[in-house]
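The values are calculated or read from the model by the stated rules, or taken from the named source; none is laboratory data. Owing to the predicted nature of the structure, the values given are computational and were not obtained by experimental measurement. For neighbour counting, all protein chains shown are included, and Cβ atoms are generated from backbone atoms with ideal geometry for every residue, glycine included. Ligands, DNA and RNA are stripped out before the accessible areas are found, and what is left, the full protein with its side chains, is counted by its heavy atoms. Shrake-Rupley method; radii C 1.70, N 1.55, O 1.52, S 1.80 Å.
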Amino acid sequence: MKFAIALFSAPHAPSSRRALLFAQAALAGGHEIVRLFFYQDGVHSASSSVVTPQDEQDLPRQWADFVSEHQLDGVVCIAAALRRGVLDDEEAQRYQRSAVNLTAPWALSGLGQLHDAVQAADRLICFGGP
Amino acid sequence: MSKSLLIISRQAPWSGPAAREALDIVLAGGAFDLPIGLLFMDDGVFQLMPGQNAKALQQKDLTANLQALSLFGIDALYACADSLADRGIFPTQVAGEDLEVLTAEELGALVNRYDQVITL
């Protein structure tokens with residue numbers, strides 16, 4: 001089955017951990033992930049600036065490793081990311097900000113990518129939200 | 001045929017960016033001519049209240065965006081009757097041209113009609 005996975009919650013929320021576990025289980029079960037789309041506070045899970053205490057799970061790191069390893073399409077909503085200070089090199093330059101905290105394997109893009117994933121997938125699975 | 005998508009907006013308009021971000025998904029879908037529905041539920045029904053004063057909260061007014069939905073081809077708008085009643089809001093207070101107020105039973109049928117659902 002083709003899954004699109006949307007994440008709306010911050011890295012420290014339990015639903016963000018469940019999202020990663022679900023994504024790992026989907027691939028392990030032979031399914032396909034057409035796209036990961038991070039929106040709202042979910043954009044923080046793509047930030048390379050998150051520092052997790054040594055004895056805790058580093059979810060942003062685990063997401064990045066997972067996306068790289070499986071060469072997934074990891075898209076972060078640009079409007080949600082800018083609002084929350086998650087910037088790639090291009091946006092940091094555009095808005096003259098000193099920090100870049102979004103790098104490969106992530107890509108900033110628009111909400112059209114969420115709709116595109118919804119159309120391409122058999123199932124959209126959302127994590128987070130109220 | 002395009003898959004249909006229902007957005008369930010459950011946050012009050014001024015409780016953070018959630019209401020605006022739910023609306024942004026709807027507007028983006030409309031721009032791509034996709035079949036999108038928008039359901040206001042729980043505190044989300046407060047977004048429909050007339051006479052909001054966003055300026056007093058130093059916020060941008062969301063209601064203008066709601067009124068723009070029809071320009072984007074979004075005319076499937078729904079509100080949960082129980083959520084309105086729980087908050088002492090009469091359906092006539094929030095009645096819009098395209099807004100349909102649905103009972104709990106009708107909500108179940110609505111969600112079943114859509115291919116995909118996002119709750120924000």
Query raised in the report: Amide H of A:SER48: which non-local residues (sequence gap of 5 or more, or other chain) have their own amide H closer than 5 Å, using H built in the peptide plane?
Result: A:LEU102, A:THR103
**Report entry** List B:LYS3, B:LYS55, B:LYS60, A:LYS2, ordered by accessible area with a 1.4 Å probe, largest first
**Finding:** B:LYS55, B:LYS60, A:LYS2, B:LYS3
Query raised in the report: B:TYR78's amide H: which non-local residues (gap 5+, or another chain) put their own amide H closer than 5 Å, with H modeled 1.01 Å from N in plane and none for Pro or chain starts?
Result: B:LEU38, B:LEU39, B:PHE40, B:GLU100
Report summary line: region A:2-127: relative contact order from alpha carbon pairs under 8 Å, six or more residues apart, as a whole percent, is 35 percent
Query raised in the report: Among B:LEU99, B:GLY44, A:GLN54, which residue has its Cα positioned farthest towards the positive end of the charge dipole of the protein assembly as shown, with +1 placed on the Cβ of Lys and Arg, -1 on the Cβ of Asp and Glu, and the dipole taken about the Cα centre?
Result: A:GLN54
Query raised in the report: What figure in square angstrom, to the nearest 10, would you give for the accessible area of B:LEU27 with a 1.4 Å probe?
Result: 30 Å²
Report task. Report the charge-dipole magnitude of region A:2-127 in Debye, nearest 20, computed about the Cα centre from +1 at each Lys and Arg Cβ and -1 at each Asp and Glu Cβ. Result -> 320 debye
Query raised in the report: For the protein assembly as shown, what log10 I(q)/I(0) values come out of the Debye formula at q = 0.10, 0.11, 0.15 1/Å, with one point per alpha carbon and no solvent?
Result: -0.51, -0.62, -1.09
Query raised in the report: So how much accessible area does A:PHE22 have, in Å² to the nearest 10, using a 1.4 Å probe?
Result: 60 Å²
Report summary line: At q = 0.15, 0.22 1/Å the base-10 log of I(q)/I(0) from the Debye formula over the alpha-carbon atoms of chain B is -0.62, -1.38
Report summary line: Full extension between B:GLU105 and B:GLN93 adds, at 0.36 nm per residue less the Cα distance, a length in nm of 2.1 nm
Query - Cα-centre dipole for the protein assembly as shown with unit charges at Cβ (Lys and Arg positive, Asp and Glu negative), debye to 20 - result: 360 debye
Query raised in the report: Can you list the aspartates and glutamates whose alpha carbon is less than 17 Å from that of B:LYS3, not counting same-chain residues fewer than 8 positions off?
Result: A:ASP116, A:ASP122, B:ASP33, B:ASP75, B:ASP115
Query raised in the report: Where the convex hull is taken over the Cα atoms of chain A, what is its projected area averaged over directions, in nm²?
Result: 7.9 nm²
Report task. Report, by chain and number, residues whose modeled amide H sits under 5 Å from the one on A:LEU7, excluding near sequence neighbours (fewer than 5 apart, same chain). Result -> A:PHE37, A:PHE38, A:TYR39, A:PHE127
Query - Pairwise burial A:B, computed as accessible area of each alone minus the pair, summed, 1.4 Å, Å² - result: 1700 Å²
Report task. Could you rank A:TRP63, B:TRP14 by how accessible they are, 1.4 Å probe, largest area first? Result -> B:TRP14, A:TRP63
Query raised in the report: Taking every DSSP beta bridge that has both residues in region A:2-127, what percent is antiparallel when rounded to the nearest 5?
Result: 0 percent
Report task. Could you work out the local net charge near A:VAL51, counting Lys and Arg as +1, Asp and Glu as -1, over the other residues with Cβ closer than 14 Å to its Cβ? Result -> -2
Query raised in the report: Could you give me the ³J(HN,Hα) list for region B:59-68, computed from phi with Karplus coefficients 6.51, -1.76, 1.60 and θ = phi - 60°, whole Hz, x at Gly and Pro?
Result: 10, 8, 6, 8, 5, 4, 5, 4, 5, 7
